[in-house]
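Note sheet for the following structure.
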Amino acid sequence: MVWFAVGIGGALGSIARHGMNVATHRYLGDSVPYATAIVNITGCLAIGVLAGCVSAGTIRLSEMWRVFVFVGVLGGFTTFSSFGLDTFTLVRSGAMATAAVNVVVQLGLGLAAVFVGYWIAK
């Protein structure tokens, strides 16, 4: 059932992301990657609000619903929100060095991997 929850949530998140891309390109154009920025920022806001509500006990989610929402819906919408929450959690727990390494490694190696992948394909 957990895999099913992730799959359904991921499909919904992906559909929402595509809708956001279409709307953003229609209204703001595509000369600047507005859609990616909006998706990443709104995804981070959503995961922050939800994680805060769960942590405060304002919202109670079973493990299945947490997986559906956090991994499925938000993961399908943008994995950048998971990166943001992971980094926040590290900072909140006092692991500043690990948080900094997380940011540098994921952003640096992620961008490098895009360039290398493109170079390999060419």
- Message: Can you compute the modelled spin-label distance between Cys53 and Val91, with each label point 7 Å from Cα toward Cβ, in nm?
- Response: 2.2 nm
- Message: Students often check this: by mean Cβ neighbours within 10 Å, which of 43-54, 1-12 ranks highest, and how do the rest follow?
- Response: 43-54, 1-12
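All of the numbers you see were taken from the coordinates with simple rules; none came from a lab. Since this is a predicted model, take the numbers as computed values, not measurements. Note that we place each Cβ from the backbone using ideal geometry, even for glycine, and neighbour counts take in every protein chain shown.
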